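Below is one structure, written out as structure tokens; comments come after it.
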Ligand code: FES
């Protein structure tokens with residue numbers, strides 16, 4: 001099962017196994033990783049699942065959709081070129097080892 005590392009804004013690492021087909025957001029929520037709120041439950045409608053993808057992984061996680069791009073303008077912590085909504089990243093075997101950093105605030 002792919003392992004994903006979530007790094008809190010304070011630098012704490014949580015490494016969790018996330019089933020293929022889940023989203024990076026679901027992996028955090030189901031494993032009690034703090035720092036992802038996911039108010040809309042994965043509907044790309046709240047921007048409270050914002051993460052910064054490690055630059056080594058940005059190609060592998062794929063492109064943002066137009067809707068995701070719009071929502072990234074509504075994040076509590078300013079988005080950057082490596083920002084993604086974690087509910088929009090589907091976990092695949094290729095994402096084994098993915099590292100995401102969590103923003104200072106999601107609300
Ligand atoms: S959970 Fe709401 S946008 Fe990702």
Original post:
For residue 66 and residue 104, FRET efficiency with R0 = 22 Å and r from the beta-carbon atoms, rounded to 0.05?
Top reply: 0.25
Original post:
For residue 10 and residue 44 in the same chain, what is the full-extension length gain: residue separation times 0.36 nm, less their Cα-Cα distance, in nm?
Top reply: 9.7 nm
Original post:
So what are the three principal axis dimensions of the chain from its Cα atoms, in whole Å, longest to shortest?
Top reply: 32, 27, 25
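We did not get these values from a lab; they are worked out from the coordinates using the rules stated. Just so it is clear, the structure is predicted and the values come from calculations on it, not from any experiment. Reconstructed Cβ throughout: ideal geometry from the backbone, glycine too, with neighbour counts over all protein chains shown.
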